[in-house]
Amino acid sequence: MENKRIWAMVGVVYMVIIVLLSTYWIATTTLMSGITGIMLFPLCGGMAAQCFNNRWKVIHADGPGNPVIYLLLGIGCTAAALLMLVLGIQQVAAALGL
């Protein structure tokens, strides 16, 4: 996959989040605060996809870099993305009063 496509998908996810937050703001006339987890989740997911994509390119196309480093970075970014997703869901649930 091209690197541009990965980051284009991250941009689409951010646009959906921004539309949902704007809709919430219009409906309730209050801003939702404390949602860092849900805002950082797409970034961590995009970084994980980028690392795994670079690892694949190094292995299959003899690109520059060490595939082990890309694997470790990808695993770390995946763990961070999952942590941000759980944290974000908890923060949004708390903000919505659930």
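The values are calculated or read from the model by the stated rules, or taken from the named source; none is laboratory data. None of the values given here were measured: they were computed from a predicted structure. Counting neighbours? That spans all protein chains shown, and the Cβs are built from the backbone with ideal geometry, glycine included. Accessible surface areas use protein heavy atoms only, side chains included; no ligands, DNA or RNA. Shrake-Rupley method; radii C 1.70, N 1.55, O 1.52, S 1.80 Å.
If Thr78 satisfies all but one of (1) of a type in the set (Ser, Thr, Tyr); (2) outside any helix (DSSP H, G or I); (3) touching a helix residue (DSSP H, G or I) at 6+ places or on another chain (Cβ under 7 Å), what's the number of the condition it fails?
Evaluating Thr78 over (1) of a type in the set (Ser, Thr, Tyr); (2) outside any helix (DSSP H, G or I); (3) touching a helix residue (DSSP H, G or I) at 6+ places or on another chain (Cβ under 7 Å) leaves (2) as the failure.
For the range 21-57, give me each residue that is under 17 Å from Met84 (Cβ atoms) and either touching a strand residue (DSSP E or B) at 6+ places or on another chain (Cβ under 7 Å) or β-branched (Val, Ile, Thr) (or both).
Once the filter is applied, which keeps residues that are under 17 Å from Met84 (Cβ atoms) and either touching a strand residue (DSSP E or B) at 6+ places or on another chain (Cβ under 7 Å) or β-branched (Val, Ile, Thr) (or both), the range 21-57 yields Ile35, Thr36, Ile38.
Return a yes/no flag: does the range 2-16 have any residue that is outside any helix (DSSP H, G or I), under 19 Å from the mean Cα position of the chain (by Cα), modelled with pLDDT under 90 and not β-branched (Val, Ile, Thr).
yes
Can you run down the residue pairs with Cβ atoms below 6 Å, 6 or more apart or on separate chains, where the first is in the range 66-78 and closer than 10 Å to Asn54 by Cβ and the partner is open to solvent by less than 50 Å² (accessible area, probe 1.4 Å) and of a type outside the set (Ser, Thr, Tyr)?
Pro67/Val58; Tyr70/Cys51; Tyr70/Asn54; Leu73/Cys51; Gly74/Ala48; Gly74/Cys51
Contact list please: Cβ distance under 6 Å, first residue in the range 8-25 and open to solvent by less than 80 Å² (accessible area, probe 1.4 Å), second residue of a type outside the set (D, E, K, R) and in a helix (DSSP H, G or I), pairs at least six apart or on different chains.
Short answer, once both residue conditions are applied: Val10/Pro42; Val10/Gly46; Val13/Pro42; Tyr14/Pro42.
Taking the range 26-65 only, how many residues are in contact with a helix residue (DSSP H, G or I) (Cβ under 6 Å, 6 or more places away or on another chain) and touching a residue at least 60 places away in the same chain (Cβ under 8 Å)?
3
Which one is nearest to the chain's Cα centre (by Cα) among residues in the range 45-75 that are open to solvent by 40 Å² or more (accessible area, probe 1.4 Å) and β-branched (Val, Ile, Thr)?
Ile75
Here's a check for you: in the range 31-44, which residue that is under 11 Å from Thr78 (Cα atoms) and open to solvent by less than 30 Å² (accessible area, probe 1.4 Å) is nearest to the chain's Cα centre (by Cα)?
That would be Pro42.
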